[in-house]
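Below is one structure, written out as structure tokens; the observations come after it.
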Amino acid sequence: MKKLLLIITCILLLYSFSGCADEKKDNTPARMGNAERTKLSLLFYYEGQERFSLVNNLCNAFNNQQEESEAIPEFVPFEELKKKLLTGMAQGDPPDLVIYDVPDYAYLAERGILEDITNNIKNWQDFTQFYENSIEACTYKGRIYGMPIGQNCLALFYNKKMLEDKKLSPPQTWSELKTTALKLSNGNVHGMGICAQNSEQGMFQFLPWLYSAGADTSDLQSAEAVKAFTFLAELVDQGAMSKEIINWSQADVMKQFANGKVAMMLNGPWQLSELRIKAPELEYGIVRIPMDKKSVTILGGENISVVKGQNKDKAFEFLKFFCSAENVRTFTKSMAYFPSRKDVPVDEELNRPGVSLFGEEVHKAIPRGPDPNWPEISKIVTGELHEVLTQRKSPEAAAKAAQADMEKLAK
């Protein structure tokens, strides 16, 4: 009897182990499949739920069309993005991809953060569909370190009613801008508004004036550079622009314009949807930025790059997916950007009368840089612009100080 019980017990134990083994065998492939799917982290700085959803949806579309990789978006505030990239590289845990502001590509490439994709991207059949100036804004020392996903530029917005009431026309030159802005200024209303923060936004909005005067960042104490500092200082000193422009972001400038506190502003097409929400009845026009020696606008937008690391090949596949015609169309429509590809039509919103000027300007807009020290250059220039606008320095003294700092930076 004992032997029989022992035999039955052994049989039961064997059956139990067999069942567990079968169960484990059934689950193993699924776990292995998940483990083999490479996770690709994508850093970006777009604020707001709508923009996060846009990036997230594009990642999900990529994940659903193939089984080798899983793209995971991660929001990082604009001012922390470069620090996170540098820290990740130093700790051996970098992200796989990054979306970043156009002028930062040389800074990131010089520091060994971005993968050189020149050979791979030139073999991609879609490569020739991208505009030349957009590829230029990804090229450093003859090598390509990313791809453009959308572009924008700056122009002058003006309140039609305010100008019509004063029987004024949109200004075309600096002289006309000053005269018009002064005539439109009254009490709490200022004729002109720009972003003059000590930031990349401030640099973006200062460069049109610097370049239009015939200067550039290589010689900031030239007579032409001093003229640019002087012109903006005079607009503030004479009341044509608010002293608060040193604190205003581009979004703040748009709000002042929408509320009727600014009659003209420097801004871009990404503000169109917000203007429609905040001031649906406002009638405004858009013209080229008033010029001194030449008409200039600056290229804005973002690039996407592969970060150096062990997943570079799979990350490159995501980059091509993100930059496909279909996805560039989706991205630029949602962001009110202009496509970086020739085969993607401009969205109807940007093609309507009065707005289409941006489309004429964006493909001849001047890129910022390339310079591996661009973030520091921006801080130097906009820092000295602050000194001028707050009357702590004369334009000549500020330009001289900026040039001295630039020379130290170059050593």
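To keep it simple, each residue is scored yes or no on (1) hydroxyl-bearing (Ser, Thr, Tyr); (2) surrounded by 17 or more Cβ atoms within 10 Å (Cβ to Cβ); (3) closer than 30 Å to Arg111 by Cα; (4) under 22 Å from the mean Cα position of the chain (by Cα).
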| position | (1), (2), (3), (4) |
| --- | --- |
| Leu357 | no, yes, no, yes |
| Glu361 | no, yes, no, yes |
| Pro367 | no, yes, yes, yes |
| Glu376 | no, no, yes, yes |
| Glu384 | no, yes, yes, no |
| Leu389 | no, yes, no, no |
| Pro395 | no, yes, no, no |
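Residue-level check: of (1) at pLDDT below 95; (2) out of contact with any strand residue (DSSP E or B) (no Cβ under 7 Å at 6 or more places or on another chain); (3) surrounded by 17 or more Cβ atoms within 10 Å (Cβ to Cβ), Gly150 misses just (2). Taken together, the criteria place Lys308 among residues that are among the basic types (Lys, Arg), assigned by TED's automatic domain parsing to the domain that holds Ala90 and either free of Cβ contacts under 8 Å to residues at least 24 places away in the same chain or closer than 23 Å to Tyr107 by Cα (or both). Of note, Met89 does not satisfy the criterion of being in contact (Cβ under 8 Å) with a residue 24 or more places away in the chain, closer than 20 Å to Leu319 by Cβ, touching a Phe, Trp or Tyr at 6+ places or on another chain (Cβ under 8 Å) and not aromatic (Phe, Trp, Tyr). Report, by residue number, each residue of the range 284-304 that is among the small types (Gly, Ala, Ser) and either free of Cβ contacts under 8 Å to residues at least 60 places away in the same chain or part of a loop (DSSP other than H, G, I, E, B) (or both). Listed by number, the list holds a single entry, Ser295. Close contacts from the range 248-270, counting a first residue that is within 23 Å of Asn351 (Cβ to Cβ) and a second that is of a type in the set (S, T, N, Q) and in a strand (DSSP E or B), with Cβ to Cβ under 7 Å and a gap of 6+ residues or different chains, come to Gln250/Asn267; Met254/Asn267; Gly268/Asn152; Pro269/Asn152; Trp270/Asn152.
Counting only residues that are touching a helix residue (DSSP H, G or I) at 6+ places or on another chain (Cβ under 8 Å), within 15 Å of Ala196 (Cβ to Cβ) and assigned to a helix (DSSP H, G or I), the range 223-256 holds 16 of them.
Within the range 257-283, the set of residues being outside any helix (DSSP H, G or I) and more than 22 Å from the chain's Cα centre (by Cα) comprises Asn259, Gly260, Lys261, Val262, Ala263, Met264, Ala279, Pro280, Glu281, Leu282, Glu283. I'd like to check something: does the range 336-355 contain any residue that is under 19 Å from Pro170 (Cα atoms), surrounded by fewer than 22 Cβ atoms within 10 Å (Cβ to Cβ) and touching a residue at least 40 places away in the same chain (Cβ under 8 Å)? The answer is yes; a qualifying residue exists. Return the residues of the range 111-134 that are touching a strand residue (DSSP E or B) at 6+ places or on another chain (Cβ under 8 Å), at pLDDT 95 or above and assigned to a helix (DSSP H, G or I); say none if nothing qualifies. Matches in the range 111-134: Thr118, Ile121, Lys122, Gln129. Based on this model, can you work out whether Gln205 counts as part of a helix (DSSP H, G or I), modelled with pLDDT of 95 or more, in the same structural domain as Lys183 (by TED's automatic domain parsing) and under 25 Å from the mean Cα position of the chain (by Cα)? In short, yes. Selection of the range 77-110 for residues being part of a loop (DSSP other than H, G, I, E, B) and surrounded by 18 or more Cβ atoms within 10 Å (Cβ to Cβ) yields Pro94, Pro95, Asp96.
Among the residues of the range 382-411, those that are of a type outside the set (Val, Ile, Thr), outside any helix (DSSP H, G or I) and over 17 Å from Lys227 (Cβ atoms) comprise Gln391, Arg392, Lys411.
None of Glu348, Glu361 is out of contact with any helix residue (DSSP H, G or I) (no Cβ under 6 Å at 6 or more places or on another chain), within 24 Å of Gln271 (Cβ to Cβ) and at pLDDT 90 or above except Glu361.
The values are calculated or read from the model by the stated rules, or taken from the named source; none is laboratory data. A quick note: this is a predicted structure, and the numbers were derived from the prediction, not measured. Glycine gets a Cβ as well: all are built from the backbone with ideal geometry, and neighbour counts include every protein chain shown.
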